[in-house]
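*Asks:* Can you read through this structure? Questions will come right after.
The values are calculated or read from the model by the stated rules, or taken from the named source; none is laboratory data. Quick caveat, the model's predicted, so the values are computed rather than measured. Here the Cβ positions follow ideal geometry from the backbone for every residue, glycine too, while neighbour counts run over all protein chains shown.
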């Protein structure tokens with residue numbers, strides 16, 4: 001757990017999961033199941049899973065890719081990330097493919113994830129994915145921060161800023177729609 005005043009976050013090397021993020025009042029902002037047992041080889045239920053190299057299950061790999069099921073390491077010498085001078089508490093994790101990964105997804109890469117506490121209650125995740133194929137071969141990927149927020153009353157939640165954006169509706173066999181409303185609410 002990293003602390004900065006009253007703000008803090010916790011990150012596991014397994015999956016680079018940020019499992020806790022607290023605001024200045026000490027309130028938890030992420031959801032992790034109370035039944036969760038943290039152990040290797042099992043994705044963490046909740047938090048902020050990293051989905052890479054594909055999301056959700058639109059490819060030949062396991063659902064949400066393999067990055068959330070791999071052991072990341074601290075990057076002791078990360079390249080400079082554009083940063084605000086107020087982001088003094090941060091860590092940088094790195095993931096490179098294993099021999100087993102290259103068997104199921106034959107692309108060499110370097111995934112760097114910078115996790116930082118910013119002004120106010122901001123948690124900032126910055127990623128860099130670099131193609132390290134020695135043959136210069138390009139590859140495509142998808143990724144997601146599959147965030148689970150802790151919400152005390154879902155009826156008070158609104159998601160704004162999605163109007164006119166296209167989306168694939170998984171409840172309707174990935175049919176494409178364009179969002180029409182100015183906000184999405186929940187009951």
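*Asks:* So which residues in region 44-69 are in contact (Cβ under 8 Å) with a residue 24 or more places away in the chain, surrounded by fewer than 17 Cβ atoms within 10 Å (Cβ to Cβ) and farther than 20 Å from residue 99 by Cα?
*Replies:* Result: 56, 58.
*Asks:* Among strands (runs of 3 or more DSSP E) lying entirely in region 140-187, which contain 1 or more residues that are closer than 20 Å to residue 31 by Cα?
*Replies:* On the way: elements: 158-160, 166-169, 175-178, 183-185.
The strands (runs of 3 or more DSSP E) meeting that bar are 158-160, 183-185.
*Asks:* While we're looking at this one, here's another question. Across region 124-139, what is the total count of residues that are touching a strand residue (DSSP E or B) at 6+ places or on another chain (Cβ under 6 Å), surrounded by 12 or more Cβ atoms within 10 Å (Cβ to Cβ) and in a loop (DSSP other than H, G, I, E, B)?
*Replies:* Number of matching residues: 0.
*Asks:* Follow-up question, since we're still on this one. Confirm whether residue 167 is touching a residue at least 24 places away in the same chain (Cβ under 8 Å) and surrounded by 10 or more Cβ atoms within 10 Å (Cβ to Cβ). Walk me through it before giving the result.
*Replies:* Numbers: touching a residue at least 24 places away in the same chain (Cβ under 8 Å): no; surrounded by 10 or more Cβ atoms within 10 Å (Cβ to Cβ): yes.
When the stated conditions are applied, residue 167 does not pass them.
*Asks:* Further question: From the residues in region 11-23 that are modelled with pLDDT of 90 or more and part of a strand (DSSP E or B), which one is surrounded by the most Cβ atoms within 10 Å (Cβ to Cβ)?
*Replies:* Initial filter on region 11-23 (modelled with pLDDT of 90 or more): 11-21.
With part of a strand (DSSP E or B) added as a condition, the list becomes 11, 14, 18-21.
Values: 11: 21, 14: 18, 18: 22, 19: 21, 20: 17, 21: 24.
Only one residue tops the list, namely 21.
*Asks:* Another one. Of the residues that sit in region 24-40 and are closer than 11 Å to residue 8 by Cα and over 20 Å from the mean Cα position of the chain (by Cα), which one is modelled with the highest pLDDT?
*Replies:* Quick first cut of region 24-40, residues closer than 11 Å to residue 8 by Cα only: 24-29.
Applying the additional criterion that residues be over 20 Å from the mean Cα position of the chain (by Cα) yields 24-27.
Numbers: 24: 80, 25: 82, 26: 83, 27: 87.
Applying the filter and picking the extreme gives 27.
*Asks:* Now for a separate question. If I ask for residues that are exposed (fewer than 12 other Cβ atoms within 10 Å of the Cβ) and within 30 Å of residue 139 (Cα to Cα), which ones from region 24-43 would you list?
*Replies:* Those that are exposed (fewer than 12 other Cβ atoms within 10 Å of the Cβ) and within 30 Å of residue 139 (Cα to Cα): 40, 41.
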